[in-house]
Amino acid sequence: MIHLEKEKLNNKKLSFVDRTIDFLFSNDARKWLLIIFIFGLSLRILVARNILPIADEMVHGPHAIGFLHSGLISTIVQAPLWFYLTDIMFKIFNVTLFSVRSLSVLYGAFSLILTYMIFSRLSDKKTALISSFLLSISYFTLRYTLAEMDLASLFFLLFAVYFFLDYKDTGKFPLLTAVCIGIASLMKTVSLFFVPAFVLGFFLYDASLKKINKKSIKKIIIFGLIVSIIFSPILVHNYLLYKDKELVDAYFAQYFDIGKTRQAYAGLSGFDNGLFSMAFFDGLIRMSKSIFSHDPLIVSLAIVGLFSFFFSLKEKRKDWIFLIAFELSGFILLLVASNWLETHYVLFVPVLCFFGAFLIKQISEKISLRIKSKDKLILLIILGAILIFQMFYLPIFEHISYRSSFSQLRSYAIESMDKNSVVIVDSRIYRGRIVFLFHDFHYLESSSFSNLMNVNENLPGQDITREVYFVECAVDDCGWGTIKNQPEFNQSTEEFFDMVKNNTLLEKTLYSGSIIDEGTKNAPTLRVYRAQLPLKSQSIQQIDSTHEWFYYPVNYSPKEKSFDWYEVHGSVDYIIYRFAWLVLIASIIASLIAPFYMVYLLSKQK
């Protein structure tokens, strides 16, 4: 009996091996998609690990630390889902540049698969594979594989499109489309700007545009209610915040001049501007320049491919009208009614990659006919040339082969520095970077060091000798971009670190990794010194009391010090608040499950 069971098990193993071999040597396009996915994922992991952070990352990243115990159902500037998921990643991978960017890495790589799944239904598998390949090496999407929400929200918007195409084929209400849009909006509020395309889609697939169908109106209302329910944590957060403090978050303050909120966000990255305050054509020019400068070859191919595609378009016109409306609704509303952040523009890259892929396929077929060669060989040569251009003419290779000094410093802090030590950090390092680097240490900016020592002298009790690290910005300006305009501050900081050098041991020198990111290569950028100083226990408490960043206490301790902390009053508000929590928890679970469900759908796709 036992022998028979073992034999059955061996047969199953052999059967799996046989199926794998059959898959690898078959004509199944998904094997090439798997290679593209692994390649694209590898590039994104290396970029996320290496490149120097931009300013916004060092706002969002520190705010994600400890968010699981923050008690917040939204934040001052951004939707909450990204922060909860990122803090989960912190628990798994520790707080590093890779972990803070891991959602962009993973959802950005999964978007390669969704791109194939969508365009293989709207075109052919070869064009869909080329689209996925172009997206995998798009410098624009690689460069913005950052601690931002856009690539994660793009995944759910693409998933929403995929499910809406199911609705067109089956006629069943697109529940999962509504769910995906709701999750995307909890990831990034501007995802709601894509909703008008789905409203148009109902009319396209249900009735003639000349006559409004009542069934379409009913479906749209239900669709909108589902999206609103999933988006409700943000709505509830603003309702309770306004009721308690007469404030709303930065997005609501930007679009609706409510209470005293416009003044509260004055000068905050354009959030003090009103609705439709942006100039459309200025935004269009800025976006076009940005995407073209990052991906000149892909954009050029896409422009030519766009015209070629529409001249040859014969089938699935409604599908393409819907897809173009999807791009245009986000495109127009983002440019007109939102702030012009380059990271938003990654939402448009997959469609550009499709039009570029369409042109590449046409070119390869025409060349192969003319020279009577195999189409696959010509296509391989073209794609190889594009890959070489993207990797070496654009700075992709630079980003994946050299690690920024900032990334090196965080690794050094985790691996080599005592967590109970005191860290005095050069004030010329951008404050968001300081928080991200040393949130789990007793850290203090160098400009406050003399005050700390004066306070320590007047405190009661005995001094305790403590390990103290001094971290110097060796290039004068590490992220602020304004130190050159403050010569006196720069000079006083230089004098402080001259004193440090004469009284401490140099522990570590960290060198710049990339000309693109840090201006020079292999130049001293950061230095770490070590000493021992007598400090009282109360001084440590004094140091930790300074740990605040951009409206929030670091690690959300204490919670009540948060700018948008509020009390919930009354049973009705408490029920609403608890409902918002249930929606948020369900959305976190759905976000984690979604990639696995996508893989399941891919396995069923023929």
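The values are calculated or read from the model by the stated rules, or taken from the named source; none is laboratory data. No experiment lies behind these values; they were computed from the predicted model shown. Cβ sites come from the backbone with ideal geometry, for glycine too, and all protein chains shown count toward neighbours.
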request  = Sort through Ser405, Ser448 and tell me the only one that's under 18 Å from Met58 (Cβ atoms), among the hydroxyl-bearing types (Ser, Thr, Tyr) and either surrounded by 15 or more Cβ atoms within 10 Å (Cβ to Cβ) or more than 21 Å from the chain's Cα centre (by Cα) (or both).
outcome  = Ser405
task = Examine the stretch 106-122 for a residue that is out of contact with any Phe, Trp or Tyr (no Cβ under 6 Å at 6 or more places or on another chain) and either among the charged types (D, E, K, R) or part of a loop (DSSP other than H, G, I, E, B) (or both), and state whether such a residue exists.
result = yes
inquiry  = Given (1) buried (at least 24 other Cβ atoms within 10 Å of the Cβ); (2) assigned to a helix (DSSP H, G or I), identify the lone condition not met by Thr145.
reply    = (2)
inquiry  = I want to confirm something. Restricting to the stretch 537-596 and keeping residues that are of a type in the set (Asp, Glu) and in contact (Cβ under 8 Å) with a residue 12 or more places away in the chain, which single residue is farthest from Ile73 (Cα to Cα)?
reply    = Asp544
inquiry  = So Ile45 passes all but one of these: (1) part of a helix (DSSP H, G or I); (2) of a type outside the set (Gly, Ala, Ser); (3) under 20 Å from Arg431 (Cβ atoms). Which condition number does it fail?
reply    = (3)
inquiry  = Residues that are of a type in the set (Ser, Thr, Tyr), touching a residue at least 60 places away in the same chain (Cβ under 8 Å), crowded, with 16+ Cβ neighbours inside 10 Å and not in a helix (DSSP H, G or I): does the stretch 343-364 have at least one?
reply    = no
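This table checks each residue for (1) out of contact with any Phe, Trp or Tyr (no Cβ under 7 Å at 6 or more places or on another chain); (2) of a type outside the set (S, T, N, Q).
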residue: Gln491; (1), (2): yes, no
residue: Val500; (1), (2): no, yes
residue: Leu505; (1), (2): no, yes
residue: Tyr511; (1), (2): yes, yes
residue: Asp544; (1), (2): yes, yes
residue: His547; (1), (2): yes, yes
residue: Pro553; (1), (2): yes, yes
query = Which of (1) modelled with pLDDT under 95; (2) farther than 27 Å from His399 by Cβ; (3) buried (at least 23 other Cβ atoms within 10 Å of the Cβ) does Lys188 not meet, given it meets every other one?
reply = (2)
message = Any residue that is buried (at least 21 other Cβ atoms within 10 Å of the Cβ) and over 30 Å from Tyr566 (Cβ atoms) - is there at least one of those in the stretch 67-90?
response = no
request  = Inspect the stretch 484-498 for any residue being surrounded by 18 or more Cβ atoms within 10 Å (Cβ to Cβ), modelled with pLDDT of 95 or more, more than 30 Å from Phe67 (Cβ to Cβ) and among the β-branched types (Val, Ile, Thr) and give the result as yes or no.
outcome  = yes
ask   = What pairs come up if the first residue lies in the stretch 442-469 and is on the phi > 0 side of the Ramachandran plot, the second is among the basic types (Lys, Arg) and in a strand (DSSP E or B), and their beta carbons are under 7 Å apart, counting only those six or more places apart or on different chains?
value = none
Filter pass, Thr509 being in contact with a helix residue (DSSP H, G or I) (Cβ under 8 Å, 6 or more places away or on another chain), under 30 Å from Ser405 (Cα atoms) and in contact (Cβ under 8 Å) with a residue 12 or more places away in the chain = no
key: Within the stretch 523-565, tally of residues that are outside any helix (DSSP H, G or I) and closer than 30 Å to Asn503 by Cα   = 18
inquiry  = Can you pull out every residue in the stretch 414-431 that is of a type in the set (A, V, I, L, M) and surrounded by 20 or more Cβ atoms within 10 Å (Cβ to Cβ)?
reply    = Met417, Val422, Val423, Ile424, Val425, Ile429
remark   = Just one listed residue, out of Ser512, Ser571, is buried (at least 16 other Cβ atoms within 10 Å of the Cβ) and at negative phi, and it is Ser512
query = Somewhere in the stretch 163-186, is a residue basic (Lys, Arg), touching a residue at least 24 places away in the same chain (Cβ under 8 Å) and not in a helix (DSSP H, G or I)?
reply = no
message = With the requirement that a residue be part of a strand (DSSP E or B) and among the β-branched types (Val, Ile, Thr), what does the stretch 439-489 give you?
response = Ile464, Thr465, Val468, Val471
task = Could you run through the stretch 247-300 and say how many residues are modelled with pLDDT under 65, part of a loop (DSSP other than H, G, I, E, B) and hydroxyl-bearing (Ser, Thr, Tyr)?
result = 2
